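Encoded as structure tokens, the structure appears first; notes follow it.
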Amino acid sequence: MKTILNVIWLVLSGFWLFLGYLLAGLLLCITIIGIPFGLAAFRIGVYALWPFGRTTVDRHDAGAPSLVGNVLWIVLAGWWLAIGHIVTGLALCITIIGIPFGVANFKLIPVSLMPLGREIVPSDRPFAGV
């Protein structure tokens, strides 16, 4: 079932969201300071490409640097990516079939706003990275 949902997601919104994260990651990797943020964009882009069957969990070893990094992330790329999720989620919620995918888009908004200090893990092992 996860595969079917992921294929439908890929066609409806996953590919375009992935391209947005890819563009953000490439722009952030232009400077040396932006490379960690670019890598985070690539990591979340792959998650946005194929999200069903995976989830995000907080990393308990992430501290103040993650908080500072997330503030910089919101300013540099996070709010653009969150707007992309909002627009895509609203567009998907227009049809009955698209509502679950719209809701999945809305669930990706917190990750797109504050990705540092989070880890992507399989849904059947949500505490694997802790």
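Any read-out appearing in this document is the output of simple, stated calculations on the displayed coordinates, not a laboratory observation. The shown structure was predicted, so the numbers you read here are calculated from the model rather than taken from an experiment. Reconstructed Cβ throughout: ideal geometry from the backbone, glycine too, with neighbour counts over all protein chains shown.
Only one residue of N6, I44, L26 has its Cα farthest out toward the positive end of the dipole of the chain, where Lys and Arg carry +1 and Asp and Glu -1 on Cβ, and that residue is N6. Helix 79-92 and the longest principal axis of the C-alpha atoms of the chain enclose an angle of approximately 10°. Computed about its Cα centre, the charge dipole of the chain is approximately 140 debye, with only Lys, Arg, Asp and Glu carrying charge at their Cβ.
In the chain, the calculated helix contribution to ellipticity at 222 nm averages -17500 deg cm²/dmol per residue, counting -39,500 (n - 2.57) for every DSSP H run with n ≥ 4.
Rounded to the nearest 10 degrees, the angle from helix 15-28 to the longest Cα principal axis of the chain is 10 degrees. Translational diffusion coefficient of the chain at 25 °C, 0.890 mPa s, Stokes-Einstein with Kirkwood Rh over Cα pairs, in µm²/s as a whole number. Here the translational diffusion coefficient equals 165 µm²/s.
Taking Cα atoms only, the orientation of helix 64-73 departs from the longest principal axis of the chain by about 60 degrees. Across the stretch 59-130 the C-alpha pair distances fall into 10 Å bins from zero in the proportions 20, 36, 33, 10, 1 percent.
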